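Participant: Take a look at the following structure, please.
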Amino acid sequence: MTESIPVKTGILSGSFNPIHTGHLILAQYMAEYEGLDEIWFVVSPHNPLKNQQTLVSELHRLEMVKLAIDGTPRFRCCDIECQLPLPSYTIHTLNELEKRYPERKFTLIIGSDNWLIFDSWKDPKEIIDRFPILIYPRPGHDICNPPVLPQVKVTAAPRIEISSTFIRTAISGKKKMNFFLPEKVYKYILRENLYNSLNDEPDNIS
């Protein structure tokens, strides 16, 4: 019997508050240049310590991701972290994904900002030992000494200057953001009257 080839699946996790064109550019780069068959956008659950007007509900953020990737077969919205106990740890997410989808080979996609503090994550060695990691550049977080690890790669992905924080602030200030967001997402934000609060906090992901 011929052993099936695992589906190489990139995991891009974040609040996606909201998802914007920078996220999609990054995901497409990873799919086209890093040998991944699919990219899964894993939406992180709501943090009760954050202002509800700043971090909108999972339902809104999941819907915006679905709208953003509609019609793109290699992209998928994943709500697994909304199903797991809090707090969310990446190792728990990866373990659960591996258990539910044994036919897939999961690769973790993270920004250089998160790689620089990776030692503070839960079970970082286990993640590195068991899962490939692709690192994309984040403005202001250059990696001076690239990791010499077979499972870890610093990619040449475009440096995305757009951030969800910038977009939320702009929307709350009544600025037009139609070229920064997928059209369906922008219409959804306006229809649902999201991001009108001026009290905002920086994101960990662009």
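Participant: Carbon-plus-sulfur fraction of the accessible area of the chain, 1.4 Å probe, in percent?
Facilitator: Numbers: 5980 of 11060 Å².
So the carbon and sulfur contribution to the accessible surface is 54 percent.
Participant: Checking the cross-link filter: which lysines have an alpha carbon closer than 16 Å to that of Lys99, excluding same-chain neighbours under 8 positions apart?
Facilitator: Lys99 reaches Lys8.
Participant: Calculate the spin-label point distance for Glu161 paired with Leu84, positioning each point 7 Å from the Cα along the beta-carbon direction, and give it in nanometres.
Facilitator: Result for the modelled spin labels: 3.5 nm.
Participant: Using 0.36 nm per residue of separation minus the Cα-Cα distance, give me the extension gain between Thr169 and Asn145 in nm, one decimal.
Facilitator: Details: separation 24, 0.36 × 24 = 8.64 nm, distance 3.41 nm.
Between Thr169 and Asn145, full extension yields 5.2 nm more.
Participant: Would you please classify the overall shape of the range 41-166 from the alpha carbon gyration tensor, given that a ≥ b ≥ c denote the square roots of the eigenvalues, rounded means a/c under 1.5, and beyond that prolate means a/b larger than b/c while oblate covers the rest?
Facilitator: It comes out rounded by the Cα gyration axes.
Participant: Can you tell me which of Gln151, Gln83, Gln28 moves the most in a GNM of the chain? Springs connect C-alpha atoms under 10 Å apart.
Facilitator: Gln83
Participant: Can I ask one more? Rounded to the nearest 10 degrees, what's the angle between the helix 21-33 long axis and the longest principal axis of the chain, both from Cα atoms, 0 to 90?
Facilitator: With rounding to tens, the tilt is 20 degrees.
Participant: Might you tell me the accessible area per residue for the chain, computed with a 1.4 Å probe and given in Å²?
Facilitator: 54 Å²
Participant: Return a whole-number percent for the relative contact order of the range 1-140, with Cα pairs under 8 Å and 6 or more residues apart as the contact set. Walk me through the numbers on the way to the answer.
Facilitator: Working: 188 pairs, mean separation 38.0, N = 140.
Dividing the mean separation by the residue count of the range 1-140 yields 27 percent.
Participant: ³J(HN,Hα) across the range 144-156 via Karplus (A = 6.51, B = -1.76, C = 1.60, θ = phi - 60°), whole Hz, x for Gly/Pro?
Facilitator: Along the range 144-156, the couplings run 6, 10, x, x, 9, 9, x, 8, 10, 9, 8, 8, 9 Hz.
Participant: Size of the dipole of the chain about the Cα centre, Lys and Arg at +1 and Asp and Glu at -1 on the beta carbon, nothing else charged, in debye to 20?
Facilitator: 520 debye
The values are calculated or read from the model by the stated rules, or taken from the named source; none is laboratory data. Source: prediction; values computed, not measured. Note: ideal-geometry Cβ built from the backbone for every residue, glycine included; neighbour counts use all protein chains shown. Calculation scope for accessible area: heavy atoms of the full protein, side chains included, ligands and nucleic acids excluded. Shrake-Rupley method; radii C 1.70, N 1.55, O 1.52, S 1.80 Å.
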